[in-house]
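Participant: Have a look at this one before I ask anything.
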Amino acid sequence: MPSKRNINHYKSGNWFGKPYLFFGDYLKYKFNTSLYKLPINANLSCPNRDGTIGTSGCIYCSEDGSASPTSYGLSHITKQMDNAKNSLRRRDAKTKYIAYFQAYTNTYASTAELKELYDIAIAFEDVIGMMIATRPDCLTEEVIDLIADYKRDNFELWLEIGMQSMHEKSLRLLQRGHLHTATRDSIFRASQRGIPVCAHIIIGIPDESWDEIMETAREISSMPVRGIKFHHLHVIKGTSLEKYYLDGKIKTITFNEYISTICDFIERLRPDIIIHRLLGDRDEATLVAPLWGLHKGTVIKAIEDEFIRRGSYQGLLYEDNNLFGID
């Protein structure tokens with residue numbers, strides 16, 4: 001949670017000039033310098049892709065497993081990080097980095113193998129943080145213990161857990177291969193070890209009602225979640241979701257629906273939860289729908305404009321605004 005110096009932001013609904021607590025602003029405030037993520041593909045696969053749990057993979061997941069283009073064709077972590085660093089347009093002498101294990105399931109290996117990978121990543125020059133993306137059913141006690149060992153002062157550690165939704169019908173439709181109870185369990189176990197958890201959420205899942213989406217907002221706010229990443233359900237070429245979309249079996253959320261729904265969600269979100277991302281990313285060559293997702297800046301501006309129009313902000317409709325002793 002941000003320091004007591006930021007308590008006025010909870011009262012006024014203004015975090016660093018925004019109506020929500022944004023990860024980039026939080027990092028700038030904490031470290032007083034520019035921080036950039038260096039995406040890593042550790043080639044660890046996923047139990048939902050290799051047949052271990054008897055499913056054929058999430059319907060929205062592409063063959064690259066959300067890997068960054070800067071990692072393509074490079075097997076060694078250090079080379080991937082170098083490539084990502086060199087691709088950044090804005091850097092100065094004070095720029096620091098977060099090693100981001102992004103692609104596939106980054107706790108899906110032995111603790112010895114994971115430790116070797118993590119150690120290589122954080123040894124990279126000017127790295128002062130690590131983010132590890134994974135599934136809730138791939139977090140053994142041994143892996144959580146390993147990740148907890150990386151906690152230290154002035155080191156930005158995050159565990160990203162793919163929650164997507166609290167509703168079992170949605171998890172089945174997405175073919176996640178796990179129950180929401182696994183998500184709750186993993187979040188609480190990681191948090192008990194002091195590991196900051198960022199939950200991934202998808203907005204626009206077919207057949208999820210507005211009420212059900214708001215239930216997910218309240219569920220997240222009731223758990224010891226420190227961050228959240230929003231994704232809109234987008235259709236990527238070569239996925240099962242593409243076939244469903246082209247066959248007319250599902251529709252994607254419209255631009256206006258997304259803006260309205262995500263603002264509704266954030267209004268009900270606990271005010272200390274840091275928003276890492278407001279929508280998903282995909283390049284034009286592989287995106288099928290919705291095409292408005294290509295215009296990230298436009299979407300973010302529309303979200304902020306909608307908050308201004310409403311006179312609203314993160315946590316305005318949160319059900320326990322006095323949880324942290326705020327008058």
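The values are calculated or read from the model by the stated rules, or taken from the named source; none is laboratory data. Remember, predicted model here, so these are calculated numbers, not experimental data. Don't worry about glycine lacking a Cβ; one is built from the backbone with ideal geometry, like all the others, and counts go over all protein chains shown. Accessible surface areas use protein heavy atoms only, side chains included; no ligands, DNA or RNA. Shrake-Rupley method; radii C 1.70, N 1.55, O 1.52, S 1.80 Å.
Participant: Based on this model, can you work out whether TYR108 counts as crowded, with 18+ Cβ neighbours inside 10 Å, among the aromatic types (Phe, Trp, Tyr), modelled with pLDDT under 95 and in contact with a Ser or Thr (Cβ under 8 Å, 6 or more places away or on another chain)?
Facilitator: The answer is no for TYR108.
Participant: Name the residue, out of LEU27, LEU44, that is part of a loop (DSSP other than H, G, I, E, B), modelled with pLDDT of 90 or more and buried (at least 19 other Cβ atoms within 10 Å of the Cβ).
Facilitator: Residue meeting the stated conditions: LEU44.
Listed here are the residues, each with its yes/no results for (1) part of a loop (DSSP other than H, G, I, E, B); (2) crowded, with 23+ Cβ neighbours inside 10 Å; (3) aliphatic (A, V, I, L, M).
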| site | (1), (2), (3) |
| --- | --- |
| ARG91 | yes, no, no |
| GLU125 | yes, no, no |
| ILE128 | no, no, yes |
| GLU142 | no, no, no |
| THR183 | no, yes, no |
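Participant: Next up: Give me the residue from segment 244-281 that is assigned to a helix (DSSP H, G or I), of a type in the set (Val, Ile, Thr) and over 17 Å from the mean Cα position of the chain (by Cα) and, out of that set, nearest to ILE203 (Cα to Cα). Reasoning before the result, please.
Facilitator: At the first step, the residues of segment 244-281 found to be assigned to a helix (DSSP H, G or I) are 244-246, 255-267.
So of that shortlist, the ones also of a type in the set (Val, Ile, Thr) come out as 259, 261-262, 266.
Okay, now just the ones that are also over 17 Å from the mean Cα position of the chain (by Cα), so 259, 261.
Working: ILE259: 10, THR261: 8 Å.
By that ranking, first place goes to THR261.
Participant: Let me ask something additional. Of the numbered conditions (1) open to solvent by less than 50 Å² (accessible area, probe 1.4 Å); (2) closer than 20 Å to GLU156 by Cβ, ILE120 fails exactly one; give the number of that condition.
Facilitator: Every condition holds for ILE120 apart from (1).
Participant: Next question, about the same structure. Please enumerate the residues belonging to segment 93-110 that are in a loop (DSSP other than H, G, I, E, B) and over 14 Å from the mean Cα position of the chain (by Cα).
Facilitator: Answer for segment 93-110, where residues must be in a loop (DSSP other than H, G, I, E, B) and over 14 Å from the mean Cα position of the chain (by Cα): ALA93, LYS94, THR95, THR107, TYR108, ALA109, SER110.
Participant: Something else now. Mind listing whichever residues of segment 241-254 are among the polar types (S, T, N, Q) and either touching an Asp or Glu at 6+ places or on another chain (Cβ under 9 Å) or open to solvent by less than 50 Å² (accessible area, probe 1.4 Å) (or both)? Let's see the steps before the verdict.
Facilitator: Just the residues of segment 241-254 that are among the polar types (S, T, N, Q), to begin with: 252, 254.
The answer is THR252, and nothing else.
Participant: Could you give every pair whose Cβ atoms fall below 6 Å, whose first residue belongs to segment 276-294 and is farther than 28 Å from VAL225 by Cβ, and whose second residue is among the acidic types (Asp, Glu) and part of a loop (DSSP other than H, G, I, E, B), counting only separations of at least 6 or pairs across chains?
Facilitator: LEU294/GLU284
Participant: Related question: Mind counting the residues in segment 151-164 that are on the phi < 0 side of the Ramachandran plot and crowded, with 17+ Cβ neighbours inside 10 Å?
Facilitator: Going through segment 151-164, the residues on the phi < 0 side of the Ramachandran plot turn out to be 151-153, 155-163.
Those left that are additionally crowded, with 17+ Cβ neighbours inside 10 Å: 156-163.
Count: 8.
Participant: Is it the case, given these coordinates, that ALA217 is surrounded by 18 or more Cβ atoms within 10 Å (Cβ to Cβ), assigned to a helix (DSSP H, G or I) and out of contact with any strand residue (DSSP E or B) (no Cβ under 9 Å at 6 or more places or on another chain)?
Facilitator: For ALA217, the condition - surrounded by 18 or more Cβ atoms within 10 Å (Cβ to Cβ), assigned to a helix (DSSP H, G or I) and out of contact with any strand residue (DSSP E or B) (no Cβ under 9 Å at 6 or more places or on another chain) - is not met.
Participant: Ok, one more. Listed residues ILE187, ILE195, ILE205; which is crowded, with 19+ Cβ neighbours inside 10 Å, in contact with a Phe, Trp or Tyr (Cβ under 9 Å, 6 or more places away or on another chain) and of a type in the set (A, V, I, L, M, F, W, C)?
Facilitator: ILE195
Participant: Do any residues in segment 27-44 that are closer than 15 Å to ASN154 by Cα have Cβ atoms under 9 Å from those of residues that are part of a helix (DSSP H, G or I), where the two are at least six apart or on different chains, and which pairs are they?
Facilitator: The qualifying pairs are TYR29/ASN6; THR33/LEU27; SER34/LEU27; SER34/LYS28; LEU35/GLY24; LEU35/LEU27; LEU35/LYS28.
Participant: Answer with yes or no whether SER75 is modelled with pLDDT under 80 and not aliphatic (A, V, I, L, M).
Facilitator: Yes, satisfied.
Participant: Can you name every residue in segment 13-24 that is in a strand (DSSP E or B) and open to solvent by 20 Å² or more (accessible area, probe 1.4 Å)?
Facilitator: Here is the first cut: in segment 13-24, the residues in a strand (DSSP E or B) are 15, 18, 22.
Within segment 13-24, LYS18, PHE22 meet the criteria.
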